[in-house]
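A short worksheet on the structure shown next.
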Amino acid sequence: MNIENKQNLIKEINNYFKDYKKFKMLSFKQSIKDSDFFKKNYSKIFKLFYLKDKNIEQIFSLNELVLCSYFSSKKVIKSIKKFNNLKNDKKKINIKNLFDTNKKKIYLKININE
Amino acid sequence: MSRYNYDIIIVGLGASGAASAWMLSKSNLKILILEQGNEYNPKDFHKKNDTWEISKLKEFHLNPNIRKGKYDYNIDCKMSDINIANFNGIGGSTILYSGHFPRFHQSDFKVRSVDNVSFNWPISYNELEPYYEMNEKIIGIHGLKNDPAYPKIKNLKPPINLGESGELISRAFKKLNWHCWPSYSAIDIKNNFSVKTIYDTYLPLIKLSKNITIKKNLEVIKILSDEKKVKGVLCCDQKKNIIRFKSQIVILACNGIGTPRLLLNSKNKYFKNGIANNSSGLVGKNLMLHPLGFVEGTFNKNLYSDFGPEGCCVYSHQFYETNKRNKYKRGYTMQVLRGAGPLETALYLKKTNQIKFGNNFFSNFFKNYNKTIPIAIISEDLPKSSNSVFLDKDIKDSFGMPCVKIKYKIDKNTKEILKAGIKSARKVLEVAGAKKIFSFAPIKNTGWHLMGTARMGNNKKNSVVNKHGQSHDLKNLVIVDSSIFTTGSAVNPIATIQALALKISKRILEKKNEY
């Protein structure tokens, strides 16, 4: 597999994630720079991608390899967290209003001789 | 063949083996722990690592047949409605669990008396309560006091933050006037909300003891016995060297699959159908797995449901006890989980054709990611002798020991429970404002609560061990894992597994001469 083939493959898969800019995400090409998963599985992806008449299992397998390559990038994870504004995680919920600690017990009390 | 002598041998260093070893470490007894798997670095299975979603697809996959680790054994589930999930190594299945620590209800121990089903346990909630408390203190459980679903639970650390999704769903439960409570969670809030395993709790304490030796990567392939007593164990290493260890007491802590596997493989001239199996013939039978239902609601707004600790957020025991109006006996727990991570979300959406590669990939992805609330239904799973574990003589593991086959069918009672649980969970999600709800049951890959295959009881004709975990046939063979559960309850078993292991092991310390 030469470099040209690899570039063509990445170009093709880049089209899978076309709207990345709109969500401040990374392109596939950018993501795989720090994706060990992609490095390990590149040849599998290549073979499956260019395989003619793929069966359903091979289609699922290719999809999984592509998504794992993309979402295993630390930069992608960082972008997702940034997009979701992680500050929310620190939001404290006032549980006093939600759970009544004086409520009647709902479990069945057992008074059977041991 | 090498030979070594110990007072006690513990087989397996997971949840129950670790609790048992800690209790026994209070003595001067010479103890050997044998673990077939490896020791791990907790960083490798930290659920909040960026690489965790990839790791759990292969080397930390729940299913040993997919994981195919060096120390795993194949579990043939072709005859089972549910696939088995486990982990073999120091830490056992705590490496993959969610860290949710609910106790059983009082009624779980007395289902025959209360509901006229199955058998009563030979012990009660009250007898186990001090050990629940002891365990919760050692683990450091977060939760909220005065839960209406239980008698008073002490020693709780402040509840973990519910997050936006937890708050929304709790309000929905409140509107319906249904029980809902923050989960009992073993979460390390100082370590990026990692789930606490035995690496953070019992293992460091055990390692302090000079009387305990831990040997890993050694599989116990046979328990040695004569007619009345266990004599020790035979082990095999990866080079297929056989080593014999002699001991006064052997404790099994290999879970509801590993324990019957070892007992069945240990047949000898006194026990032709497997060791400890003469009186009842029940070793390997009555497997309970807690079939799971899954209901997920998708909301229009961002609920940040992927953030916060993994596992259960809040839970409901509104429908836990038997209600005479129902078609079924016993009940279920609704466990509100955190949302799936980015990779899991993308894989799921792609597999179910809800997302397409191309122009709108992220547009559809962000319509789902962080906007879902999943609810798991854990149903009571009453024992049936036809649900069983048996040896697979055709397939052997890397140590040369036979693997196992599972036969398991979900019964009518459980199916009805799951149906009712799904209906309730859908109702909660509707009230919470979900725009899309989907549900299914059972989930195939969730047989991680492995119970009942060497059950405890007072009658040796219908149980394998007594109330002290001692085999009815061999008094110095003790079982401390979930295989001894008489019935399964409708909650995660970890708290009860460890409480039982502590109780049984304390009795060994107090009455060693009776073994």
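If you average the C-alpha positions of segment B:7-62 and of segment B:345-378 separately, how far apart do those two centres end up, in angstrom?
34 Å
Along the Cα→Cβ direction, 7 angstrom out, place labels at B:Thr51 and B:Asn326. What is the inter-label distance in nm?
The answer from the label model is 4.4 nm.
Tell me which of A:Asn94, A:Asn55, A:Ser27 sits at the most positive position along the dipole axis of segment A:3-97, charges placed on C-beta atoms (Lys, Arg +1; Asp, Glu -1).
Projecting each Cα onto the dipole axis, the largest value belongs to A:Asn94.
Which three numbers, in whole Å and largest first, are the semi-axes of the equivalent ellipsoid of segment B:34-140 derived from its Cα gyration tensor as √(5λ)? Spell out each step's value before the answer.
Details: eigenvalues 206, 83, 33 Å².
Over the Cα atoms of segment B:34-140, the ellipsoid semi-axes are 32, 20, 13 Å.
Semi-axes, largest first, in whole Å: what does sqrt of 5 times each Cα gyration tensor eigenvalue give for segment B:380-441? Don't skip to the end; give the middle numbers.
Values: eigenvalues 298, 52, 10 Å².
They are 39, 16, 7 Å, listed from largest to smallest.
Starting from the Kirkwood radius over alpha-carbon pairs of the protein assembly as shown, derive D by Stokes-Einstein at 25 °C in a medium of 0.890 mPa s and give it in µm² s⁻¹.
96 µm²/s
For the cross-link pairs B:Lys196/B:Lys216; B:Lys47/B:Lys70; A:Lys21/B:Lys350; A:Lys82/B:Lys435; B:Lys327/B:Lys350; B:Lys47/B:Lys157, which exceed 30 Å when the distance is taken from alpha carbon to alpha carbon?
Listed pairs above 30 Å: B:Lys327/B:Lys350.
Over all directions, what mean area does the Cα convex hull of segment B:322-401 project, stated in square nanometres?
Answer in nm², one decimal: 10.9.
Among residues other than B:Lys467 whose Cβ falls under 10 Å from its Cβ, what is the net charge (Lys/Arg +1, Asp/Glu -1)?
+1
Can you compute 3J(HN,Hα) from phi for each residue in segment B:293-304, using the Karplus curve 6.51 cos²θ - 1.76 cosθ + 1.60 with θ = phi - 60°, rounded to whole Hz and x for Gly and Pro?
Per-residue couplings from phi come out as x, 9, 10, 10, x, 10, 10, 6, 9, 6, 10, 6 Hz.
Taking just the alpha carbons, could you work out the radius of gyration and Dmax for chain B, both in angstroms?
Cα radius of gyration and Dmax of chain B are 22.3, 74 Å respectively.
Quick check: net charge around B:Ser280, other residues with Cβ under 13 Å of its Cβ, Lys/Arg +1 and Asp/Glu -1?
+3
Give me the extension gain from A:Ile59 to A:Lys11: residue separation times 0.36 nm, minus the current Cα-Cα distance, reported in nm with one decimal.
Details: separation 48, 0.36 × 48 = 17.28 nm, distance 1.86 nm.
That pair, A:Ile59 and A:Lys11, stretches by 15.4 nm at full extension.
What lysines does B:Lys215 reach when the alpha-carbon gap must be under 16 Å and sequence neighbours fewer than 8 apart in one chain are set aside?
Straight-line reach from B:Lys215, under 16 Å: B:Lys30, B:Lys207, B:Lys239, B:Lys240, B:Lys246.
What are the ³J(HN,Hα) couplings of segment B:114-126, residue after residue, when phi is run through the Karplus curve with 6.51, -1.76, 1.60 and θ = phi - 60°? Round to Hz, x for glycine and proline.
With the stated coefficients, segment B:114-126 comes to 7, 10, 6, 10, 6, 10, 6, 6, x, 10, 10, 4, 4 Hz.
If I model a spin label at B:Lys272 and B:Asn38 as a point 7 Å from the Cα along the Cα→Cβ vector, what separation in nanometres do I get?
According to this spin-label approximation, the distance is 4.3 nm.
Once you treat every alpha carbon in segment A:3-97 as an equal point and sum by Debye, what is log10 I(q)/I(0) at q = 0.11 Å⁻¹?
Debye output, listed in q order: -0.41.
Want the number for B:Asn302 to B:Lys68: 0.36 nm per residue separation, take away the alpha-carbon distance, what's left?
Numbers: separation 234, 0.36 × 234 = 84.24 nm, distance 3.75 nm.
Taking B:Asn302 through B:Lys68 to full extension adds about 80.5 nm, to one decimal.
Within 10 Å of each Cβ of B:358-364, how many other protein chain Cβ atoms are there on average?
So the per-residue partner count for this stretch is 5.
In deg cm²/dmol and to the nearest 500, what is the mean residue ellipticity at 222 nm of chain B if only DSSP H runs of at least 4 residues count, each as -39500 (n - 2.57), divided by the residue total?
It comes out at -7000 deg cm²/dmol, rounded to the nearest 500.
Determine which residues of segment B:268-307 fall in the zone a paramagnetic label at B:Ser363 would reach in this model, i.e. backbone nitrogen under 20 Å from the point 7 Å along Cα→Cβ.
It comes to B:299-302, nothing else.
Along the Cα-to-Cβ line of B:Lys207, 7 Å from the Cα, sits a label point; which residues in segment B:230-263 have backbone N less than 19 Å from it?
Taking a point 7 Å out along Cα→Cβ of B:Lys207, no residue of segment B:230-263 has its backbone N under 19 Å.
Net charge near B:Lys47, counting Lys/Arg +1 and Asp/Glu -1 over other residues with Cβ under 14 Å of its Cβ?
Local charge sum for B:Lys47: -3.
If you build a Gaussian network model of chain A, linking Cα atoms that sit under 10 Å apart, which residue out of A:Asp19, A:Asp34, A:Asp100 swings the most?
A:Asp100
Looking only at the protein assembly as shown, where both bridge partners belong to it, what percent of the DSSP beta bridges are antiparallel (to the nearest 5)?
60 percent
Please tell me which of these pairs span more than 26 angstrom C-alpha to C-alpha: B:Lys190/B:Lys436; A:Lys96/B:Lys301; B:Lys222/B:Lys460?
Long pairs (Cα-Cα over 26 Å): B:Lys190/B:Lys436.
Every number here is computed from the coordinates shown, using simple stated rules; none is lab data. Fair warning: this is a prediction, and the values are worked out from it, not measured in the lab. With ideal geometry, Cβ positions are generated from the backbone for all residues, glycine too; neighbour counts draw on all protein chains shown.
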